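Taking it in order: structure first as structure tokens, then the write-up.
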Amino acid sequence: MVYITEDLIRRRAEHNECEIFSLEEVSLHQQDIERIEHIERWCRDLKILYLQNNLIPRIENVGRLKKLEYLNLALNNILVIENLEGCENLQKLDLTVNFVGRLSSVETLKQNIHLSQLFLVGNPCTLFEGYRKYVVATLPQLKCLDGTEITRSEVIAANQGLEELKRRVMEQEDQYLRKNAQQKEEEESNRKQAADRAGSRDGASDSEEKQEEATESDEERREKEFWHTPCPFTPESRLEAHRHLEAKRMAKEKGNQRKVKPPRTLITADGRVLNVNEPKYDDILDFSLTEDDNNKRIVLDLAVYRHMDTSLMDVDVQPTYVKVSVKGKIFQLVLPAEVKPDSSTAQRSQTTGHLLLHMPRAQGEIKATKAARPSKDGRHLHCSLSDKRKHAVPERLEVDASGTVDIANIVTRHHTIEGPLEASLWNPTTATPLKHVPSEGFVDDPDVPPLI
């Protein structure tokens with residue numbers, strides 16, 4: 001059951017900046033509403049109210065809408081015209097295809113002096129003898145009934161013999177109400193019998209029942225019985241059909257809910273790229289990968305549908321693999337050689353619509369080869385620069401350990417005796433410090449602390 005809430009009305013008041021207190025028009029059609037409520041308190045200035053195609057069984061809670069001019073309640077379950085006396089400015093009332101069987105209830109509209117249009121097409125009361133004359137004579141303010149203009153001569157003819165007309169209408173109304181009550185009782189008994197038959201059918205064990213259930217599922221059988229079983233056109237049957245469709249829709253939505261699949265692995269934890277072809281059954285029919293040795297490039301031909309929009313595709317070329325997204329589905333392929341992503345091109349074939357990827361091969365691409373091993377005598381193999389690149393052998397520095405290395409004299413020192421701050425000098429031949437020789441004019445003052 002759907003209720004009229006403040007949030008529902010605000011969402012229907014976008015044209016009025018979502019303000020409902022000053023709202024003059026609101027549309028609440030096709031919302032499965034089963035009761036009119038709150039509108040007369042929240043929208044006092046309402047002039048137009050659309051409530052068609054709902055499940056409303058009664059006109060209520062609209063009497064305080066003094067400014068209401070148009071009320072549309074078509075395709076509902078209304079039985080009686082009532083509670084509209086307070087709508088002083090009501091000019092148009094639409095009750096098309098409802099279940100109004102009490103034709104005498106139109107007399108409650110006498111106080112709506114501005115009412116000029118009334119629609120009762122599709123109601124049981126329209127089948128009464130003298131229906132139009134009775135409504136025209138009862139509501140003299142009307143100018144149009146069921147889309148047909150009321151002429152002056154028709155008004156005069158309707159007022160002649162009005163008492164006899166009222167008597168015949170009341171008789172037909174009583175007859176309709178009795179027949180309607182009888183139909184409700186029969187419908188209730190038929191519903192109970194159908195439930196009992198369904199229970200006995202479920203427990204049946206004869207061969208015919210087994211053959212029938214073998215060819216047709218229980219759900220299909222119940223669905224067929226529901227729609228092929230005759231029933232009277234009443235508010236109860238309409239409400240039951242709505243409940244049945246709603247339950248079927250919810251069951252279908254629940255069945256369509258799929259578990260969230262984990263993302264597909266495109267690259268493993270150790271960095272290995274996988275070949276993936278997700279859209280192979282829907283959008284991609286086939287693909288071909290060729291190497292053009294003349295132009296030194298790799299060509300990928302992806303057979304997508306000719307009329308598929310290019311905006312639904314996304315291409316990502318990497319040095320060692322290519323990934324294409326087609327309508328959100330991934331196609332990934334490992335390339336046989338390293339390519340240049342920046343120089344690669346993607347285009348659609350004008351004849352077949354295929355997606356063509358031209359990927360130039362990289363110069364001097366790295367290929368996996370075995371590294372060179374040392375010889376038996378412990379020396380490393382000597383190879384050329386190209387061989388070193390090919391075998392990826394790291395170059396090592398060999399040191400002759402036969403003689404001693406003078407680490408202190410790797411860099412030659414040039415000594416000088418100039419300068420007052422020279423504390424000591426090294427003898428380059430013996431690698432021993434020389435005696436300190438003070439410079440000319442040096443005075444050794446004992447009061448001055450040493451520099452070092």
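Worth pointing out:
Residue by residue, here is whether (1) acidic (Asp, Glu); (2) in contact (Cβ under 8 Å) with a residue 60 or more places away in the chain; (3) in the same structural domain as ALA137 (by TED's automatic domain parsing) holds:
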{"position": "GLU19", "(1), (2), (3)": "yes, no, yes"}
{"position": "GLU24", "(1), (2), (3)": "yes, no, yes"}
{"position": "ARG35", "(1), (2), (3)": "no, no, yes"}
{"position": "LEU55", "(1), (2), (3)": "no, yes, yes"}
{"position": "ASN83", "(1), (2), (3)": "no, no, yes"}
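- Condition broken by ILE33, with the remaining ones in (1) closer than 23 Å to HIS114 by Cα; (2) crowded, with 20+ Cβ neighbours inside 10 Å satisfied: (1)
- Residues of region 41-51 satisfying the condition of being surrounded by fewer than 19 Cβ atoms within 10 Å (Cβ to Cβ) and part of a loop (DSSP other than H, G, I, E, B): ARG44, ASP45, LYS47
- Residue-level analysis places LYS340 outside the set of residues that are touching a residue at least 24 places away in the same chain (Cβ under 8 Å), surrounded by 12 or more Cβ atoms within 10 Å (Cβ to Cβ) and over 23 Å from THR351 (Cβ atoms).
- Any hit, region 264-283, residues being under 26 Å from the mean Cα position of the chain (by Cα), at pLDDT 75 or above and loosely packed, with under 13 Cβ neighbours inside 10 Å: yes
- Yes/no for THR108 being of a type in the set (Ser, Thr, Tyr) and in a loop (DSSP other than H, G, I, E, B): no
- Looking across region 97-110, just one residue is polar (S, T, N, Q) and touching a residue at least 40 places away in the same chain (Cβ under 8 Å), and that is SER104.
- Test: residue in region 242-260 that is in a loop (DSSP other than H, G, I, E, B), surrounded by 10 or more Cβ atoms within 10 Å (Cβ to Cβ), among the small types (Gly, Ala, Ser) and at pLDDT below 80: no
- Among residues of region 1-23, those that are buried (at least 16 other Cβ atoms within 10 Å of the Cβ) and assigned to a loop (DSSP other than H, G, I, E, B), counted: 5
- Filtering region 292-301 to residues that are loosely packed, with under 15 Cβ neighbours inside 10 Å and either at pLDDT below 85 or not basic (Lys, Arg) (or both) leaves ASP292, ASP293, ASN294, ASN295, VAL299.
- Per-region count, region 1-30, residues in contact with a helix residue (DSSP H, G or I) (Cβ under 8 Å, 6 or more places away or on another chain) and within 18 Å of LEU95 (Cβ to Cβ): 1
- Condition met for LEU118 (in the same structural domain as GLU34 (by TED's automatic domain parsing), outside any loop (DSSP other than H, G, I, E, B), buried (at least 20 other Cβ atoms within 10 Å of the Cβ) and touching a strand residue (DSSP E or B) at 6+ places or on another chain (Cβ under 8 Å)): yes
- Exactly one residue among GLN141, GLN172 is part of a helix (DSSP H, G or I) and in contact (Cβ under 8 Å) with a residue 12 or more places away in the chain, and that residue is GLN172.
The values are calculated or read from the model by the stated rules, or taken from the named source; none is laboratory data. Note that the structure is a prediction, hence the values are computed from the model and not measured. Neighbour counts run over all protein chains shown; Cβ positions are idealised from the backbone, glycine included.
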